[in-house]
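Data block below; observations after.
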Amino acid sequence: WPKAQEFGFPNEEAAFALQYGHGVGLSIWEKPIFSRLVSLDHPEVIKEGMVFALETFWPASDGWSAARIEEQLIVTKNGCEVITRFPAEKLLVAGVRYYTVDGPLPTTRDTQSHLNAEVI
């Protein structure tokens, strides 16, 4: 990850939420955990077959709005492979609706559980 000063932050603690990574498995955040506060000084050993979620944060120029995209990847013999299905590279604007280079994305999935029908 780039150093915090490259993003305009005074130190790594101020930039903590910008990039975060964790293993994917049985719990919500599996080990190893990657964070700006520890990983720059204490890197983790990454091995083939490990699966990670990398969460990135990109603030907008208004100082308030931002986007957080989480990508899942698997470590391969030759590097890594992104296994996330959401087309994040097409996402242009997030808000009430999501827009891609092909136009607006639907706000509901193609299939939806009947258990969620009454949720507002």
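The values are calculated or read from the model by the stated rules, or taken from the named source; none is laboratory data. The model shown is predicted, which means the values in this text are computed figures rather than measured ones. Cβ placement follows ideal geometry from the backbone for every residue including glycine, while neighbour counts extend to all protein chains displayed.
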Candidates 28, 46 - the one that is closer than 25 Å to residue 83 by Cα, modelled with pLDDT of 85 or more and either among the small types (Gly, Ala, Ser) or not in a helix (DSSP H, G or I) (or both): 46
Sole exception among (1) assigned to a loop (DSSP other than H, G, I, E, B); (2) modelled with pLDDT under 75 for residue 67, by number: (1)
Top-ranked residue in the range 1-55 [being among the aliphatic types (A, V, I, L, M) and free of Cβ contacts under 8 Å to residues at least 24 places away in the same chain; ranked as surrounded by the most Cβ atoms within 10 Å (Cβ to Cβ)]: 15
